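Asker: Have a look at this one.
The values are calculated or read from the model by the stated rules, or taken from the named source; none is laboratory data. Being a predicted model, the structure only gives us computed values, none of them experimental. Ideal geometry is used to build each Cβ from the backbone, glycine not excepted, and the neighbour counts take in all protein chains shown.
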Amino acid sequence: MKPLILIVEDEAALQKLLAYNLEAAGFEVAQAFDGEEALTLLAERTPDLVVVDWMIPQLSGLELLRRIRRRPEQAHVPVVMLTARTEEPDRLRGLELGADDYVTKPFSPAELIARIRAVLRRVRPALTDQVLEFQDLRLDLAAHRVFRGTREVHLSPTEFRLLRYFLENPGRVFSRAQLLDRVWGGDLDIELRTVDATIRRLRRALNAAGEPDLLRTVRAEGYALDLKFATAPSR
């Protein structure tokens, strides 16, 4: 599953350049040309990182950053700011509001991609790992194989993507709508109960040998990969 980067930049040529280079580097890209459009996209789907220009129409980059940090469900999303401002007070202001990094114009796409990767490694290291692990679960992205202890677990492509998303976000509770958006894709016309059915199949595959169930069901909320609440699966 490719990390999703939201680019908020009103200069069309720069938007196009950044989107092209980020997609070539293995990222999924969403694009907004002003602060209001960015808020609309954020309401529809939570990105893995936001790249925002300081000076954008409708809402400034700083105001957009402030609003992201006020949203409990998105306060954790890293934000990299693009700015022509080099004065220290301006940079400190952005950092105090919660910016994770600054890239000063002019810059090369390679520099921005390197900064993005560095931020993701720091805040969500699982996104850059080739092997994802949680307790005795191990998912090898390169070999496309899953193991629980020494036992290999055979999963369908959808079950593999779902487990990968949980492993990238251990402990976090996701609603069925969120999982449907990030694992199946928001453009597909699929019912929410499809998530429940896939969770059941994934549970059966992971717990085939009677191991504790690492998938937690949170009543009226959703699901999480969480050891603290792990119990032996019911028979």
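Rundown of residues vs (1) among the polar types (S, T, N, Q); (2) surrounded by fewer than 17 Cβ atoms within 10 Å (Cβ to Cβ); (3) under 26 Å from residue 165 (Cα atoms); (4) at pLDDT below 90, yes/no style:
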position: 9; (1), (2), (3), (4): no, no, no, no
position: 16; (1), (2), (3), (4): no, yes, no, no
position: 33; (1), (2), (3), (4): no, no, no, no
position: 50; (1), (2), (3), (4): no, no, yes, no
position: 73; (1), (2), (3), (4): no, yes, yes, yes
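Asker: Related question: Looking only at the stretch 98-107, decide whether some residue is modelled with pLDDT under 90, loosely packed, with under 14 Cβ neighbours inside 10 Å and not assigned by TED's automatic domain parsing to the domain that holds residue 13.
Answerer: Looking for residues that are modelled with pLDDT under 90, loosely packed, with under 14 Cβ neighbours inside 10 Å and not assigned by TED's automatic domain parsing to the domain that holds residue 13, one finds none in the stretch 98-107, hence no.
Asker: For the stretch 183-224, give me the residue count where each residue is part of a helix (DSSP H, G or I), farther than 30 Å from residue 29 by Cβ and either under 20 Å from the mean Cα position of the chain (by Cα) or without any contact (Cβ under 8 Å) to a residue 24 or more places away in the chain (or both).
Answerer: Counting residues in the stretch 183-224 that are part of a helix (DSSP H, G or I), farther than 30 Å from residue 29 by Cβ and either under 20 Å from the mean Cα position of the chain (by Cα) or without any contact (Cβ under 8 Å) to a residue 24 or more places away in the chain (or both) gives 5.
Asker: Now for a different question. Residue 150 - would you say it is of a type in the set (Val, Ile, Thr), over 29 Å from residue 42 (Cα atoms), at pLDDT 85 or above and surrounded by fewer than 19 Cβ atoms within 10 Å (Cβ to Cβ)?
Answerer: So residue 150 passes the test.
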